[in-house]
Amino acid sequence: MVACFASAIYGWSKGDPNILLLGWDSDQNGCGYSDSTIDYPYLYWPKSPDKSLIKDVEKGDTDEIFKLLEFGVCVKECPATDEDKIECKPTKYMKEAD
């Protein structure tokens, strides 16, 4: 009980609960959190997930859900339409796809 209480106090005083609310891109950058992503506070998935992947996730296949995280990118603002230009912080996946 004492260890739980001590851990809670340490976490409360040294932790940053805002990290729990961040979107994380495929390079593990917190969108809007670090100096390199401060201008890109939103997480966007430029590639739609495969329909079979969605069905696997609905069936409870948790290994497949991590494939969704491979394409996330930090953006300045979310697009309103498919034609909107998106300003983003390119990820390794995007650079390799070029």
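Tabulated data
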| read-out | value |
| --- | --- |
| Identity of the residue in the range 41-71, surrounded by fewer than 11 Cβ atoms within 10 Å (Cβ to Cβ) and not in a helix (DSSP H, G or I), that ends up modelled with the lowest pLDDT | Ser48 |
| Hits in the range 12-33 (condition: outside any helix (DSSP H, G or I) and either touching a His at 6+ places or on another chain (Cβ under 6 Å) or of a type in the set (Ser, Thr, Tyr) (or both)) | Ser26, Tyr33 |
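The values are calculated or read from the model by the stated rules, or taken from the named source; none is laboratory data. Computed from a predicted model, the values in this text were never measured in an experiment. No Cβ is skipped: glycine too gets one built from the backbone with ideal geometry, and neighbour counts run over all protein chains shown.
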